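Structure, as structure tokens:
The values are calculated or read from the model by the stated rules, or taken from the named source; none is laboratory data. This structure is a prediction, so every number in the text was calculated from the model and none was measured. Cβ placement follows ideal geometry from the backbone for every residue including glycine, while neighbour counts extend to all protein chains displayed. All accessible areas refer to the heavy atoms of the entire protein, side chains included, with ligands and DNA or RNA removed. Shrake-Rupley method; radii C 1.70, N 1.55, O 1.52, S 1.80 Å.
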Amino acid sequence: MTEKHADFIVLGAGPGGYACAFRAADLGRKVVLVDPRTSLGGVCLNEGCIPSKALLHAADVIREAEEMAHWGITLGKPKIDLDALRARKDGIVGQLTGGLGGLAKRRKVDVIRGAARFTGPGSLDIDGEAWTFDQAVIAVGSSPVRLPGWPEDDRIWDSTAALELRQVPKRLAITGGGIIGLEMATVYSALGSKVTVIELAGQIVPGADTEAVSLLREALTAQGVVIHTATRVASVKTARSALTLVCEGDFEGEIKADAVIQSVGRRANGALVNAEAAGITVTDRGIIEVDVSCRTGVPHIFAIGDVTGNPMLAHRATHQGHVAAEVASGHEAALDTDLIPSVAYTKPELAWAGLTEAQAKEAGIAHKVTRFPWAASGRNLSSGGGDGLTKLVYCPQTNRLLGATLVGTNAGELLPEVMLGMEMGATLEDVAMTVHAHPTLSETIAFSAERALGTLTDL
């Protein structure tokens, strides 16, 4: 059997993989991109980020229409054509994946459909075909975690199945109150499901700022979502009429559901590529560890994205992809920041980056906190926004920004201002003295800084 050879080969065509492949091609490399899917984009574009945001937009429009009744404008109960909504979502995904295919062709990236496994430090098997390579990048992502001991039942969905929009169940239970679980709660509650969220930790969105999370929980509860924290599902019973979740913890009892979404995290796919054959260590959690240049322990093999561990976020993978392509092509590059933003696209949105107040306390880092309530934001109120918050964590000696959390409409779009400030070492004075347009939601960031400085006149 004749071996094929790749100068630069990327395993996985998600946000990290295709970004890496395209950047390497732009740098003059001859690139091979391998993925088992028929379309590029990985989980994020095909089954995650993009389809979920399409459905979240539909949910947002439904909620906005309901809220307009308080403004004297009644639009009536929406009629939901599930097939049309599904087709619209799939059409958006198809448009974007098709665009990626075009970008690959224009860059002369050789796209191979198949699953790759290492057979040695410089060789691969791709669906039975032998390949050798000079440099490789592992970008095979992650998979949803399945809870052990649960029965096999078509009514038990992972996040991928939930986004297929098979039906709108009358009663929906979601195990896991992290970002994905709450986004699914937002979608299905707007479409008409009675949603119950069960979270093992003491709060939803574990790790996020407690004060901001409490505002999000209140909003979700007002939308009809029932939330049980510090609660675990001890067992699941199946019957034709319903699934029954037996719960322990702060909530003791049974929850009956017509469908259940398991949303308890994701596991790195490092074990899928037989990396040990190349001399690469894979942890028992499927993670391949890398340095700031995205190199594995084998210098000519890199790894990026979810397979390298938390935070498992598309934008981190994209930046790592650029770094790997540049380093492999002889340039100096690194992703040496821990400022990776997180956003829950709920209603309202929750966004944060850097240190939370609790993390600063736990680490013994000197800090102070300043906040501005969105109830005092003219733009928020005049746009129909509810409770919201901008909260900044800063160093009391230098006034440099250490972290930020925002909860409210378009919070994710506001976060980059503070991200840029933290990356550039900005102080409260820098933020406060930057003229913000009025009325805008971005003013809440400046107002928070002014409050700490004692110059705020809007409270």
State the number of residues belonging to the stretch 225-253 that are assigned to a strand (DSSP E or B) and either under 20 Å from Ile204 (Cα atoms) or open to solvent by less than 20 Å² (accessible area, probe 1.4 Å) (or both).
15
Which condition number does Tyr188 fail, the rest of (1) of a type in the set (Phe, Trp, Tyr); (2) closer than 21 Å to Leu165 by Cβ; (3) out of contact with any Pro (no Cβ under 8 Å at 6 or more places or on another chain) being met?
(3)
May I ask you to list the residues in the stretch 386-426 that are part of a helix (DSSP H, G or I) and charged (D, E, K, R)?
Glu413, Glu417, Glu423
Residues located in the stretch 339-371, provided they are under 16 Å from Cys49 (Cβ atoms) and not in a strand (DSSP E or B)
Ile340, Pro341, Tyr345, Thr346
For the stretch 89-129, enumerate the residues that are aliphatic (A, V, I, L, M) and open to solvent by 20 Å² or more (accessible area, probe 1.4 Å).
Ile92, Leu96, Leu103, Val111, Ile112, Ala115
Answer with yes or no whether Glu429 is in a helix (DSSP H, G or I) and more than 25 Å from Leu216 (Cα to Cα).
yes
Which condition number does Arg86 fail, the rest of (1) open to solvent by less than 20 Å² (accessible area, probe 1.4 Å); (2) under 30 Å from the mean Cα position of the chain (by Cα) being met?
(1)
Criterion first (within 30 Å of Leu124 (Cβ to Cβ), more than 23 Å from the chain's Cα centre (by Cα) and surrounded by fewer than 22 Cβ atoms within 10 Å (Cβ to Cβ)) does Thr281 satisfy it?
yes
Filter result (out of contact with any Ser or Thr (no Cβ under 8 Å at 6 or more places or on another chain) and in a loop (DSSP other than H, G, I, E, B)) within the stretch 126-154
Asp127, Gly128, Ala139, Val140, Gly141, Val145, Arg146, Pro148, Trp150, Glu152, Asp154
Does the stretch 113-140 hold any residues that are hydrophobic (A, V, I, L, M, F, W, C) and under 27 Å from the mean Cα position of the chain (by Cα), and which are they?
Ala115, Ala116, Ala136, Val137, Ile138, Ala139, Val140
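Restricting to the stretch 254-302, name every residue that is among the β-branched types (Val, Ile, Thr) and assigned to a loop (DSSP other than H, G, I, E, B).
Correct list: Val264, Ile280, Thr281, Val282, Thr283, Ile287, Ile288, Val290, Val292, Thr296, Val298.
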Could you say whether any residue in the stretch 335-342 is closer than 28 Å to Tyr18 by Cα, touching a strand residue (DSSP E or B) at 6+ places or on another chain (Cβ under 8 Å), touching a residue at least 40 places away in the same chain (Cβ under 8 Å) and of a type outside the set (A, V, I, L, M)?
yes
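Of all residues in the stretch 158-177 being open to solvent by 20 Å² or more (accessible area, probe 1.4 Å) and among the β-branched types (Val, Ile, Thr), which is modelled with the lowest pLDDT? Talk me through it step by step, then tell me what you get.
Filtering the stretch 158-177 for residues open to solvent by 20 Å² or more (accessible area, probe 1.4 Å) gives 158, 160, 164, 166-168, 170-171.
After this cut, where a residue has to be among the β-branched types (Val, Ile, Thr) as well, the list is 160, 168.
On the way: Thr160: 92, Val168: 97.
Residue satisfying both the conditions and the ranking: Thr160.
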Consider the stretch 353-377. How many of its residues are out of contact with any Ser or Thr (no Cβ under 7 Å at 6 or more places or on another chain) and open to solvent by 20 Å² or more (accessible area, probe 1.4 Å)?
16
For a quick check of your reading of the model, give me the residue pairs whose first member lies in the stretch 250-276 and is farther than 30 Å from Ala116 by Cβ and touching a residue at least 60 places away in the same chain (Cβ under 8 Å), whose second is aromatic (Phe, Trp, Tyr) and crowded, with 16+ Cβ neighbours inside 10 Å, with beta-carbon atoms closer than 8 Å and at least 6 apart or on different chains.
Ala259/Trp157; Val260/Trp157; Ile261/Trp157
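Can you tell me which of Glu183, Glu164, Glu199, Glu211 is in contact with a His (Cβ under 8 Å, 6 or more places away or on another chain) and at negative phi?
Glu199
Considering only residues that are part of a loop (DSSP other than H, G, I, E, B) and more than 21 Å from the chain's Cα centre (by Cα), which ones fall in the stretch 203-224? Walk me through how you get there before you give the answer.
Taking the stretch 203-224 first, the residues part of a loop (DSSP other than H, G, I, E, B) are 203-209, 223-224.
Result: Gln223, Gly224.
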Considering the stretch 190-220 alone, what residues qualify as being surrounded by fewer than 24 Cβ atoms within 10 Å (Cβ to Cβ), more than 24 Å from Pro341 (Cβ to Cβ) and in contact with a helix residue (DSSP H, G or I) (Cβ under 8 Å, 6 or more places away or on another chain)?
Leu191
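Hey, does the stretch 292-305 have a residue that's at pLDDT 95 or above, among the β-branched types (Val, Ile, Thr) and within 30 Å of Arg217 (Cα to Cα)?
No, the conditions are met nowhere in the stretch 292-305.
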Given the conditions (1) open to solvent by less than 20 Å² (accessible area, probe 1.4 Å); (2) at pLDDT 95 or above; (3) farther than 23 Å from Cys294 by Cα, and given that Arg155 satisfies all but one, which numbered condition is not satisfied?
(1)
Could you tell me how many of the residues in the stretch 378-429 are open to solvent by 20 Å² or more (accessible area, probe 1.4 Å) and free of Cβ contacts under 8 Å to residues at least 24 places away in the same chain?
4
Among the residues of the stretch 70-80, write down those that are open to solvent by 90 Å² or more (accessible area, probe 1.4 Å) and part of a loop (DSSP other than H, G, I, E, B).
Thr74, Leu75, Lys77, Lys79
